[in-house]
Amino acid sequence: MISYETRTGTITITEEFLSKLIGSEVVSCFGVVGMIPNGSKQKILGVFKKEPALNTGIRVTGDADAIDVELHIMVTYGMNINAMAASITEKVKYAVEDITGIPVNKVAVMVDGIKE
């Protein structure tokens, strides 16, 4: 949970909100098939859910000064992965900074699968 003070009060942003915001931006990118669970907790929860959640495969760390984002994705076969990663990075940085006002230090995009 990230909290910071403003002149009108305290703003609190949960990691779940950030993960869902980032997930919606990532899955809307051309060539991204879906998100891959990145931890045992997400893998276990994925067994019980019928549809993958938007926050699957995303890890957000940091505080109100800056955050780091780690993404685990599956892409379509034949896509230029470097171009996709650059596009995803810029899209995530813009969305997070525009909506929350929190700067993004780093976006690490891990391609964990390729689908034909």
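In what order do Glu70, Glu5 fall by count of nearby beta-carbon atoms within 10 Å, going from fewest to most?
Exposure proxy ranking, most exposed first: Glu5, Glu70.
Only helices at least 27 Å long along their axis, Cα-based, and averaging -0.5 or more on Kyte-Doolittle count here, so list those DSSP H runs from the chain.
Span-like helices here: 81-100.
Of Tyr77, Tyr94, how do they rank once you tally other Cβ atoms within 10 Å and put the fewest first?
Neighbour counts put them in this order, fewest first: Tyr77, Tyr94.
Multiplying the sequence separation of Asp65 and Glu16 by 0.36 nm and subtracting their Cα-Cα distance, what value in nm do you get?
15.8 nm
Could you line up Met79, Met84, Met110 from fewest to most neighbouring Cβ atoms inside 10 Å?
Numbers: Met79 15, Met84 19, Met110 12.
So the ranking, lowest neighbour count to highest, is Met110, Met79, Met84.
Taking 0.36 nm per residue of separation and subtracting the Cα-Cα distance, what length does fully extending Val111 through Lys91 add?
Taking 0.36 nm per residue and subtracting the Cα distance, the gain is 5.5 nm.
Name the longest site-free stretch of the chain, where the excluded sites are trypsin sites (Lys or Arg not before Pro) in a DSSP loop with no more than 10 other beta-carbon atoms within 10 Å.
51-116
If you only keep lysine pairs separated by 8 or more in sequence, or across chains, how many in the chain come under 24 Å at the Cα atoms?
Step by step, the pairs that qualify in the chain add up to 18.
All of the numbers you see were taken from the coordinates with simple rules; none came from a lab. As the structure is a computational prediction, the values presented were derived from the model and not from experiment. Cβ: placed from backbone, ideal geometry, glycine included. Neighbour counts: every protein chain shown.
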